[in-house]
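The values are calculated or read from the model by the stated rules, or taken from the named source; none is laboratory data. Because the structure is a prediction, the values reported are computed rather than measured. Glycine gets a Cβ as well: all are built from the backbone with ideal geometry, and neighbour counts include every protein chain shown.
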2 protein chains.
Amino acid sequence: MAFSIGELSRRAGVKVPTIRYYEAAGLMPPAPRSDGGQRRYGRADAERLTFIRHARELGFEPEAIRELLDLTAHPEQSCATIDAIAARHLREVERRIASLGRLRDELARMIGECGHGRIGDCRVVETLADHAHCAGEHP
Amino acid sequence: MAFSIGELSRRAGVKVPTIRYYEAAGLMPPAPRSDGGQRRYGRADAERLTFIRHARELGFEPEAIRELLDLTAHPEQSCATIDAIAARHLREVERRIASLGRLRDELARMIGECGHGRIGDCRVVETLADHAHCAGEHP
DNA sequence: TCTACGATCTCTAGCGACTAGAGGTTCAAG
DNA sequence: CTTGAACCTCTAGTCGCTAGAGATCGTAGA
């Protein structure tokens, strides 16, 4: 039920030094220690760390991840607070899904044309380059 | 038709020093210079840079972005090469869309429960923490 | 044409998020 | 017990930017 940092590393797919870094950075809680001073972890830590890894791979910044983790950690805070934070992240997530959807379609089209012996022209750049209007981001 | 780095910065939503950094890093081609040595850009540069920004926001590493840009830049390379690279990115993009979809559903559920006066428990962590099986990533 | 001043130039240094290594301690299988 | 892999802390390095410093360019207005 209690396992080492190496085991946690294997379960979550996050390198050992990175786990220690996340603890120092406040993304992971300070782990309880064995008599000899080594960190001990449980299932919840593996889940939390796996979430952090996925969120990082998806391009979320540590600050955003912290907020998402807080949603889980403090369900007692007001509905309005949760709603505002969740809604903001929801909009962001939907933007990303839309962008990735366009990229997926373009990649699929290229592969399809390849199969028919044509070297189709590639519009990967145009695919994500347009839609500059989805911005409203840089003040 | 030819504009400055500041103008490019505004069009693409990327800071001026970052543009110079991308040039040094090889993500942007070396820009032609004015008589006085200032960089001059065209429409294609703005598109490319906007693509880079979007791809970075979506969590793609510079190396992956370089590959995607190369797909566009060298349509003359063999079908097999293009197919392999595009297929790999397609799988990755689909994984991300699936992950984001789960996160979106969970955020939407929380907001929905908020609206009905309940402070629903938050499962955002579980949402992305499971599915460790989609790994095959860390050797 | 001259001038002023904002934009651009290069260069160096700093920061956030890791990552790698040195040197020493702990744990657990034998 | 012993011993070697795994852990500890600490420092230093890398990558992707970001923020000055000090000098030069370019253009609008007198």
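Out of all the residues in the range A:14-26, which are surrounded by 18 or more Cβ atoms within 10 Å (Cβ to Cβ) and assigned to a loop (DSSP other than H, G, I, E, B)?
Once the filter is applied, which keeps residues that are surrounded by 18 or more Cβ atoms within 10 Å (Cβ to Cβ) and assigned to a loop (DSSP other than H, G, I, E, B), the range A:14-26 yields only A:Val14.
Can you name every residue in the range A:5-24 that is more than 10 Å from DNA strand C (Cβ to nearest atom) and within 12 Å of chain B (Cβ to nearest Cβ)?
Within the range A:5-24, A:Ser9, A:Arg10, A:Arg11, A:Ala12, A:Gly13 meet the criteria.
Output the number of residues of the range A:96-139 satisfying the condition of being of a type outside the set (A, V, I, L, M, F, W, C) and either at pLDDT below 85 or in a loop (DSSP other than H, G, I, E, B) (or both).
18
Determine which member of the set A:Asp35, A:Asp45 is surrounded by 15 or more Cβ atoms within 10 Å (Cβ to Cβ) and at pLDDT 95 or above.
Going through A:Asp35, A:Asp45 in turn, just one is surrounded by 15 or more Cβ atoms within 10 Å (Cβ to Cβ) and at pLDDT 95 or above: A:Asp45.
Right, B:Leu68: more than 9 Å from DNA strand C (Cβ to nearest atom), within 28 Å of A:His89 (Cβ to Cβ) and modelled with pLDDT of 95 or more or not?
no
For the range B:46-59, name all the residues that are in contact with a Phe, Trp or Tyr (Cβ under 9 Å, 6 or more places away or on another chain) and farther than 21 Å from B:Ser99 by Cβ.
B:Ala46, B:Leu49, B:Ile52
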